[in-house]
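Worksheet for the structure shown next.
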Amino acid sequence: MSLLLGCIADDFTGATDLANNLVRAGMRAVQTIGVPAAGASIDADAVVVALKSRTAPVSEAVAQSLDAARWLLTQGAQQIYFKVCSTFDSTPQGNIGPVAEALLAELGADVAIVTPAFPENGRTVFKGHLFVGDQLLSDSPMRQHPLTPMTDANLVRVLQAQCRRERVGLVEQRTVARGAAAVRQRLMALRDGGTALAIADAISDDDLRALATATRDSRLVVAGSGLAIGIPALHGLSPSAQAAALPPPRGARAIVSGSCSATTNAQVAAFLHRGGAAFAVDPLRLAAGDDVAAEALAWAAAAGRLGASPVLVYATADADAVREVQSRLGAARAGALVEAALAQIALGLVAAGVGQLVVAGGETSGACVQALGITQLRIGPQIDPGVPWCHAEKPGVHVALKSGNFGGADFFTRAFAALA
Ligand code: ADP
């Protein structure tokens, strides 16, 4: 079966976010970790290839993205959706511009829209300027991001500075508001004037739908996850439980938490408050060489503990405790020790019969997915915005990968109810 849509995401949680939006709008979606093997084929309407290319050197990001595009084309994808961050996270060198230019050339496309807008999540673009809630991107906390500080909200200027060959233009909101035909006309005019990349304004879901409709036949679109809400309908699909259908859940329930965000701290506290069974991982004991992972697994395996009531294994700690640990071990070493231990614990829990696993923390999720040997995730029903249940055929588990800031306070208990 041919893919309707092929997607390339420049990071892991961004890929999940996009796949989640596609599923909610009625597409069956699978997320792959990296580019699948040449002969592999996947039964889905959309495949999202998750790369780790956002801050990679430009040449690596371009090469990985082209590999992904070529694989998606072999699966019959008519359109390539290059998923970027909704805050347009990039470095002065790229990689949004260089990857977009390379994809245009690879696909033989002459013009593509670029829009990180996602009004539902407070990301709007007006006159080419990106707003985060009520603030310009450049006034938002993004200006202090450790890897990709965004100090200019004018996306035409930001993208143009990253491009080597192509000119960057703008499709203004007053055009988008007139509908898909007006957008198409504007894109043709830009193309005829020698402009190949067009930042597209969008301040509402209607704007995103008009952009999706206008670019229905475009070989390439570059967007945050927002544009995806308008695409399934163009293929005659509508929201359905079927799109989010996963195999029936099985096995015991567990949570592994390595996020130290305020949100995750509150979720751990709520779980403990309700009397949930929990094991705390102490980074200082890991550094001293104690086999804390084995202890945690022995604790979990103790009579009757693994089953329908979830167990929680956590390194989650508040900011003061984390600072204290980091001052003794260094931030990088502390992080690596905890990630390795939690990944080993996730693997041990699955071996002990856990079939429904929630992981809290972006880096922690990456470490656990890798330890479990997961290469593909079928995307299922959403638990909370941006966090769906997924199913990994190998090794046969349901997983929910929660990035730190996501989810309500009762996420750890509600998640399992959402799957049942
Ligand atoms: P988030 O999505 O909230 O950013 P991540 O898993 O990406 O969560 O990052 C949290 C990092 O903090 C990981 O590297 C993890 O190993 C580390 N960590 C977890 N618990 C502790 C702790 N108690 N002390 C120090 N570092 C910790």
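Here R143 fulfils each of the conditions (1) of a type outside the set (G, A, S); (2) part of a helix (DSSP H, G or I); (3) open to solvent by 70 Å² or more (accessible area, probe 1.4 Å); (4) modelled with pLDDT of 95 or more apart from (4).
Taken over the stretch 158-195, the criterion of being of a type in the set (D, E, K, R), free of Cβ contacts under 8 Å to residues at least 12 places away in the same chain and closer than 18 Å to A112 by Cβ is satisfied by D192 alone.
Looking at the stretch 51-82, which of its residues are open to solvent by 10 Å² or more (accessible area, probe 1.4 Å) and under 21 Å from P116 (Cβ atoms)?
Listed by number, the residues that qualify are L51, K52, R54, T55, A56, V58, V62, Q64, Q79.
In summary, A9 fulfils each of the numbered conditions (1) under 21 Å from A392 (Cβ atoms); (2) within 16 Å of the ligand (Cβ to nearest atom); (3) in contact with a helix residue (DSSP H, G or I) (Cβ under 6 Å, 6 or more places away or on another chain) with the single exception of condition (2).
Each row is one residue, and each column tells you yes or no for (1) among the acidic types (D, E); (2) surrounded by 17 or more Cβ atoms within 10 Å (Cβ to Cβ); (3) not assigned by TED's automatic domain parsing to the domain that holds E106.
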site	(1), (2), (3)
Q162	no, yes, no
A177	no, no, no
R191	no, no, no
D217	yes, no, no
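Please indicate, with yes or no, whether at least one residue in the stretch 328-351 is in a loop (DSSP other than H, G, I, E, B), more than 9 Å from the ligand (Cβ to nearest atom) and open to solvent by 50 Å² or more (accessible area, probe 1.4 Å). No; the residues of the stretch 328-351 include none that is in a loop (DSSP other than H, G, I, E, B), more than 9 Å from the ligand (Cβ to nearest atom) and open to solvent by 50 Å² or more (accessible area, probe 1.4 Å).
Identify, please: which residue in the stretch 193-215 is buried (at least 24 other Cβ atoms within 10 Å of the Cβ) and touching a Ser or Thr at 6+ places or on another chain (Cβ under 6 Å) and is, among those, nearest to I96 (Cα to Cα)? Here the answer is A200.
Taking the conditions exactly as written (of a type outside the set (S, T, Y), surrounded by fewer than 21 Cβ atoms within 10 Å (Cβ to Cβ), without any contact (Cβ under 8 Å) to a residue 40 or more places away in the chain and not in a loop (DSSP other than H, G, I, E, B)), does D152 satisfy them or not? The answer is no for D152.
Residues checked against (1) surrounded by 14 or more Cβ atoms within 10 Å (Cβ to Cβ); (2) under 18 Å from A418 (Cβ atoms); (3) of a type outside the set (S, T, Y):
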{"position": "A243", "(1), (2), (3)": "yes, yes, yes"}
{"position": "P247", "(1), (2), (3)": "no, yes, yes"}
{"position": "A254", "(1), (2), (3)": "yes, yes, yes"}
{"position": "C260", "(1), (2), (3)": "yes, no, yes"}
{"position": "H273", "(1), (2), (3)": "no, no, yes"}
{"position": "A278", "(1), (2), (3)": "yes, no, yes"}
{"position": "P283", "(1), (2), (3)": "yes, no, yes"}
{"position": "A288", "(1), (2), (3)": "no, no, yes"}
{"position": "A293", "(1), (2), (3)": "yes, no, yes"}
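The condition (being of a type outside the set (D, E, K, R), assigned by TED's automatic domain parsing to the domain that holds A336 and open to solvent by less than 10 Å² (accessible area, probe 1.4 Å)) is satisfied by just one residue among P395, P388, P381: P388.
Filtered by the rule that a residue be assigned to a loop (DSSP other than H, G, I, E, B) and touching a Phe, Trp or Tyr at 6+ places or on another chain (Cβ under 9 Å), the stretch 25-36 gives V35, P36. Looking only at the stretch 352-410, residues that are aromatic (F, W, Y) and within 15 Å of the ligand (Cβ to nearest atom) come to 1 in all. Of the strands (runs of 3 or more DSSP E) that lie entirely inside the stretch 198-313, those containing 1 or more residues that are under 22 Å from G404 (Cα atoms) and within 16 Å of the ligand (Cβ to nearest atom) span 252-257, 277-280.
Please identify the pairs in which a residue from the stretch 373-394 that is outside any strand (DSSP E or B) has its Cβ atom under 7 Å from the Cβ atom of a residue that is open to solvent by less than 50 Å² (accessible area, probe 1.4 Å) and not aliphatic (A, V, I, L, M), counting only partners at least 6 apart or on another chain. Between residues of the stretch 373-394 that are outside any strand (DSSP E or B) and residues that are open to solvent by less than 50 Å² (accessible area, probe 1.4 Å) and not aliphatic (A, V, I, L, M), the close pairs are T375/T32; G386/D17; G386/N20; K394/G373.
Hey, could you check the stretch 314-327 for residues that are within 7 Å of the ligand (Cβ to nearest atom) and assigned to a loop (DSSP other than H, G, I, E, B) and say which is surrounded by the fewest Cβ atoms within 10 Å (Cβ to Cβ)? Break it down into steps so the answer makes sense when it comes.
As a first pass, look at the stretch 314-327 and keep what is within 7 Å of the ligand (Cβ to nearest atom): 315-317, 321-322, 325-326.
Imposing the further condition that a residue be assigned to a loop (DSSP other than H, G, I, E, B) reduces the set to 315-317.
Numbers: A315: 30, T316: 26, A317: 20.
Going through the qualifying residues, I end up with A317.
Which members of the stretch 2-24 meet the condition of being part of a loop (DSSP other than H, G, I, E, B), farther than 22 Å from E363 by Cβ and out of contact with any Gly (no Cβ under 8 Å at 6 or more places or on another chain)? Hit for the stretch 2-24 is L4, nothing else.
The values are calculated or read from the model by the stated rules, or taken from the named source; none is laboratory data. What you see is a predicted model; the values in this text were computed from it and never measured. Cβ: placed from backbone, ideal geometry, glycine included. Neighbour counts: every protein chain shown. For the accessible areas, the whole protein counts, side chains as well, though only heavy atoms, and no ligand, DNA or RNA atoms are used. Shrake-Rupley method; radii C 1.70, N 1.55, O 1.52, S 1.80 Å.
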